[in-house]
Amino acid sequence: MLSRTAGRRACRSFSSLKQVRLNHNQPQNAQDNARTTHFGFQTVPEETKESLVRNVFDSVASSYDLMNDAMSLGVHRLWKDEYIALLKPGAKGPVKCIDVAGGTGDIALRILDSARERYADRETSVDVVDINTEMLKEGYKRFKKTMYHNTSQIAFHEGNAQALNEEKFPSNTYDLYTIAFGIRNCTSVPDVLKEAYRVLKPGGTFACLEFSRVNNPLFGALYDQYSFSVIPLIGTILTGDRASYQYLVESIRKFPPQPEFAKMIADAGFTTGGMFEGKGGAWRDLWGGIASIHTGVKV
C-alpha cells in the first residue's frame, strides 16, 4: 500500500500538469511549433508526457498488483494467464524474450513458469525493460523470491520502449516481444512498434495485452460508470492517490480502438491476421473488449 507521501507526490505531479495547461493558454504564436499529445483527457506538450507518466508509476509501483486488481476486479490475472497460454513460450524449444514496460516482472514470471511447467524448458530467458526505476525495483524484489533469481533466465534493464539502446538491444535478437498494459502510456505508439519490429528476429512474434474498447453498448455504459466513479474512489481509499487512478482510467479511453491499433501494428511491418476479432483475426477480445490481445509476426 502506498504511503501518504507517495500520494502527495502524485498530487504534486498533477499540480505540475495544471501549470502545463496554463502555459498552453499562451497566445497561439507561442505554440505554433509545439507538438502535443494526450495525458489522460488533457493535452500536453510531447516532451512533458514522459515525466508525467513516470510520476504516476513512481506513485503506484509499490501497489501495482493492487492497482490492477482495483481496475479489473482481479480479472487481470486471468487475462495475463490467457495471454501467456496463447503465446506458448517454450513449446517449440527455448525462446529469447523481451518484456517491455514490464518492470514488476509479473509477465516475465508467467513466461518462465509456463515454459518450465508445461514444456520442461529451463533455457527460455526474459529481458525485462521499463523506463521506471521504481517499477524495476518491484520486479527485482519479486524475482528474489523465485528460483530464477541470479540466473541467466532473467535480467532487468532501464530503457525507453520508444528508443531502445541498440548496443544493449541489438536488431534481430528476440523471438518474442511482450508488452502488457503499458503501450498506452507511451508518447508515440508508432515508435514503440518500430522498435519492437527492429529487435525481433524474422519470424519473431509481437504480442500486446492492453485495455481496449467494449463492444456491447449496455455493458460499455456500466463499465464506464465503474471506471470513472469507482476506480478513482478505490485509489483514494486504498492508497490516498486519486489522481493517478483518474489518469489511468482516462488513458484507457484515449487508446486507439482494436481495428485502429491492429492497423498500426500492420503499418509497422508486422504480418497480422485479418482486421477482425477472433480466430484468424488480428486481435482477440477478452471480456467483451475490456482488454484485447494483439499479435503480429515480423516478416
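As an exercise: evaluate PHE143 against (1) free of Cβ contacts under 8 Å to residues at least 60 places away in the same chain; (2) touching a Ser or Thr at 6+ places or on another chain (Cβ under 7 Å) and give the number of the one condition it does not meet.
PHE143 satisfies all of (1) free of Cβ contacts under 8 Å to residues at least 60 places away in the same chain; (2) touching a Ser or Thr at 6+ places or on another chain (Cβ under 7 Å) except (2).
I'm trying to understand the selection: among the residues of the range 248-291, which are surrounded by 17 or more Cβ atoms within 10 Å (Cβ to Cβ), in a helix (DSSP H, G or I), more than 15 Å from the chain's Cα centre (by Cα) and among the small types (Gly, Ala, Ser)?
ALA262, GLY289
Residues of the range 121-142 being outside any loop (DSSP other than H, G, I, E, B) and over 27 Å from LYS49 (Cα atoms), which ones? Step through it out loud before you land on a result.
Within the range 121-142, the subset outside any loop (DSSP other than H, G, I, E, B) is 125-130, 133-142.
Result: SER125, VAL126, LYS141, ARG142.
Within the range 99-127, can you find the residues that are under 12 Å from the mean Cα position of the chain (by Cα) and of a type in the set (A, V, I, L, M, F, W, C)?
VAL100, ALA101, ILE107
Go over the candidates ASP99, ASP65, ASP81 one by one and state the one that is over 17 Å from PRO232 (Cα atoms), surrounded by fewer than 21 Cβ atoms within 10 Å (Cβ to Cβ) and acidic (Asp, Glu).
On the way: ASP99 fails: surrounded by fewer than 21 Cβ atoms within 10 Å (Cβ to Cβ); ASP65 fails: over 17 Å from PRO232 (Cα atoms).
Of ASP99, ASP65, ASP81, the one residue that is over 17 Å from PRO232 (Cα atoms), surrounded by fewer than 21 Cβ atoms within 10 Å (Cβ to Cβ) and acidic (Asp, Glu) is ASP81.
Among the residues of the range 177-204, count how many are buried (at least 21 other Cβ atoms within 10 Å of the Cβ) and more than 30 Å from THR48 (Cβ to Cβ).
Summing the residues that are buried (at least 21 other Cβ atoms within 10 Å of the Cβ) and more than 30 Å from THR48 (Cβ to Cβ) in the range 177-204 gives 2.
Residue check, GLY103 against (1) within 22 Å of ILE252 (Cα to Cα); (2) of a type outside the set (Asp, Glu); (3) at pLDDT 95 or above, all met but one. Which one?
The one condition GLY103 does not meet is (3).
Filter the range 72-84 down to the residues that are more than 14 Å from the chain's Cα centre (by Cα) and assigned to a helix (DSSP H, G or I), then identify the one that is nearest to GLN246 (Cα to Cα).
First, pick out the residues of the range 72-84 that are more than 14 Å from the chain's Cα centre (by Cα): 72-75, 77-78, 81-82, 84.
Add one more test, that the residue is assigned to a helix (DSSP H, G or I), and what stays is 72, 77-78, 81-82, 84.
Numbers: SER72: 14, ARG77: 21, LEU78: 24, ASP81: 26, GLU82: 27, ILE84: 28 Å.
Here the answer is SER72.
Mind listing whichever residues of the range 143-181 are closer than 23 Å to GLU210 by Cβ, out of contact with any helix residue (DSSP H, G or I) (no Cβ under 7 Å at 6 or more places or on another chain) and not in a loop (DSSP other than H, G, I, E, B)?
HIS157, ASP175, ILE179
Which residue, of GLU158, GLU134, GLU167, GLU123, is under 21 Å from LYS298 (Cα atoms) and of a type in the set (D, E, K, R)? Full working, then the answer.
Working: GLU158 fails: under 21 Å from LYS298 (Cα atoms); GLU134 fails: under 21 Å from LYS298 (Cα atoms); GLU123 fails: under 21 Å from LYS298 (Cα atoms).
Answer to the check: GLU167.
The values are calculated or read from the model by the stated rules, or taken from the named source; none is laboratory data. What you are looking at is a predicted structure, and each value in this text was computed from that prediction instead of being measured. Cβ coordinates were reconstructed from backbone atoms using ideal geometry, including for glycine residues, and neighbour counts include every protein chain displayed.
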